[in-house]
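Taking it in order: structure first as structure tokens, then the write-up.
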């Protein structure tokens, strides 16, 4: 099961299944075993998605992806600026050496 990816909808559905099973008297350990994930995964999912509706969780993932994309763009621009600054510094030294 290692490396299996679940969609946001599947995660929320599994979290709800655990809630139902626990309400019916199962322990967390038993319920987690029935949804076929580890307790660690269950608690991580619960911390990240607990209480969310599917549309809210989807929107969160979209925003996280957009944030990562924008951070990448900012990093690229910062690199461009540094390269230009170094080029200007070299040109300035070369010009002043004349």
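Averaging sequence separations of C-alpha pairs under 8 Å and six or more residues apart, then dividing by the length of the chain, give the relative contact order as a whole percent. Write out the running numbers ahead of the final one.
Numbers: 32 pairs, mean separation 24.2, N = 98.
Relative contact order, the chain: 25 percent.
Could you tell me how many degrees, from 0 to 90 and to the nearest 10, lie between the Cα long axis of helix 8-23 and the main elongation axis, the longest principal axis, of the Cα atoms of the chain?
Roughly 30 degrees, rounded to the nearest 10.
Given the alpha-carbon gyration tensor of region 59-98, what are the semi-axes of its equivalent ellipsoid in whole angstrom, ordered largest first, with each equal to the square root of 5 times an eigenvalue?
Calculated on Cα positions only, the semi-axes equal 39, 4, 4 Å.
List 26, 96 from most exposed to least, where exposure is judged by having the fewest other Cβ atoms within 10 Å.
Final ranking by Cβ density, sparse to dense: 96, 26.
Using only Cα atoms and rounding to the nearest 10 degrees, what angle (0 to 90) does helix 54-96 make with the longest principal axis of the chain?
So the inclination is approximately 20 degrees.
Evaluate the Kirkwood expression for the hydrodynamic radius of the chain, namely the inverse of the mean inverse distance over all pairs of different C-alpha atoms, and round to one decimal in Å.
Numbers: mean 1/r = 0.0579 Å⁻¹.
About 17.3 Å, per the Kirkwood formula over Cα pairs.
Taking Cα atoms, how many degrees apart are the long axis of helix 39-49 and the longest axis of the chain, rounded to 10 and kept between 0 and 90?
Roughly 70 degrees between the two axes.
We did not get these values from a lab; they are worked out from the coordinates using the rules stated. For clarity, every value in this text was computed on a predicted model and none was experimentally measured. Cβ atoms come from the backbone with ideal geometry, glycine included; neighbour counts cover every protein chain shown.
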